[in-house]
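Presented below is the structure to which this report refers.
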Amino acid sequence: MYTELNSILGTDPDTFTQGEFVVISDRRSDASFLIHHFLSFYLRARCKVLFVALVQSFNHYSAVSQRLGVNLALAKEKGQLVFLEGLNESLSVLIPQEGHADGCALGFLRDPAVGLRSLYESIQSGVSGSGVGGVEPVRDWGPPVLLVDDLSVLLSLGVTAGAVLDFSHYCRTTVCTKLQGNVVMLTRCNGENEEEEGDDEGPERLLKGLTHQCSLTLHVQGLPTGFCRDIHGQVEVCWRRKRADGQHIHRKLFQYKVHDKGASFFARGTSSAVL
């Protein structure tokens, strides 16, 4: 958990806003450090967290969280963390084993045309489940939180951008609106330009659709001036709030540097490296 980022967002584990849909995106950079932040943040806030990890293993997240002072293995044991590891789950779909349920979460790997209904149903069950097997009953946890580490991976697996946006809409409706929990999703953009012509089913359309749904975006980019040893990139924070006179959008731009056990954020041009 990054305390400087909490200060920027005006939140902390004791007073965070419920019903938020947060979208993290990156371009020519790596925003995964923000997923680590939100994972540790919500576990410290005693929320029931369901993590759909499509690109990294549990061991990877566990090692990073350990440096941030959070024990994922203990959180799983208590029933606070439900971890759906896409790398392992995909093997049971691509290499079926006897006794494995046909309706597994990643069933779309066999036929992308079926969409993400099975994945959504697994999430719906996870965020509203009874927490069987956990040391502490589910009623002791705070509001549910859904984290997804890279939605854009679904596009490369043959799922359409429209289907992914439908999936995110259902997740937001269930978790944010119905259960008053929070959703955090990461997606990546590969192009150099903000929009790529003719890209109707690619990552640009996905990001644009997610942006319309969310209440907060954190967009990570490389520095326009190129590589710098002391500044790893910049992040644009954009709050979107609905008001009677329409949607109010407020943006701030910060630069950052990721450390082994955290990250520093500072206003553009105020790093000691450029002063």
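Applying the set (1) at pLDDT below 95; (2) surrounded by 14 or more Cβ atoms within 10 Å (Cβ to Cβ); (3) touching an Asp or Glu at 6+ places or on another chain (Cβ under 7 Å) to Gly86 leaves exactly one unmet item: (3). Close Cβ contacts (under 7 Å, 6 or more residues apart or on different chains) running from residues in region 160-184 that are assigned to a helix (DSSP H, G or I) to residues that are surrounded by fewer than 16 Cβ atoms within 10 Å (Cβ to Cβ) comprise Ala161/Glu201.
Considering only residues in region 161-190 that are buried (at least 19 other Cβ atoms within 10 Å of the Cβ) and among the β-branched types (Val, Ile, Thr), the one that is farthest from the chain's Cα centre (by Cα) turns out to be Thr174. Residues in region 108-131 that are within 22 Å of the chain's Cα centre (by Cα) and at pLDDT 75 or above: 16 in all.
Per-residue answers, yes or no, for (1) in contact with a helix residue (DSSP H, G or I) (Cβ under 9 Å, 6 or more places away or on another chain); (2) surrounded by fewer than 16 Cβ atoms within 10 Å (Cβ to Cβ):
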| site | (1), (2) |
| --- | --- |
| Leu206 | yes, no |
| Gly209 | yes, no |
| Cys214 | yes, no |
| His219 | yes, no |
| Gly222 | no, no |
| Asp230 | no, yes |
| Glu236 | no, yes |
| Arg241 | no, yes |
| Arg251 | no, yes |
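Applying a threshold of 7 Å to beta carbon distances and a minimum spacing of six or more residues, or different chains, the list of pairs starting in region 33-48 at a residue that is free of Cβ contacts under 8 Å to residues at least 40 places away in the same chain and ending at one that is in a helix (DSSP H, G or I) reads His36/Val64; His36/Ser65; Ser40/Ser65; Leu43/Ala75.
The set of residues from region 1-21 being surrounded by 19 or more Cβ atoms within 10 Å (Cβ to Cβ) and within 27 Å of Glu77 (Cβ to Cβ) comprises Met1, Tyr2, Phe16.
Considering region 16-78, the qualifying helices (runs of 4 or more DSSP H), each wholly inside and each with 3 or more residues that are more than 16 Å from the chain's Cα centre (by Cα), run over 58-67, 72-78.
The values are calculated or read from the model by the stated rules, or taken from the named source; none is laboratory data. Because the structure is predicted, anything quoted here is derived from the model rather than measured. We place every Cβ from the backbone using ideal geometry, glycine too, and count neighbours over all the protein chains shown.
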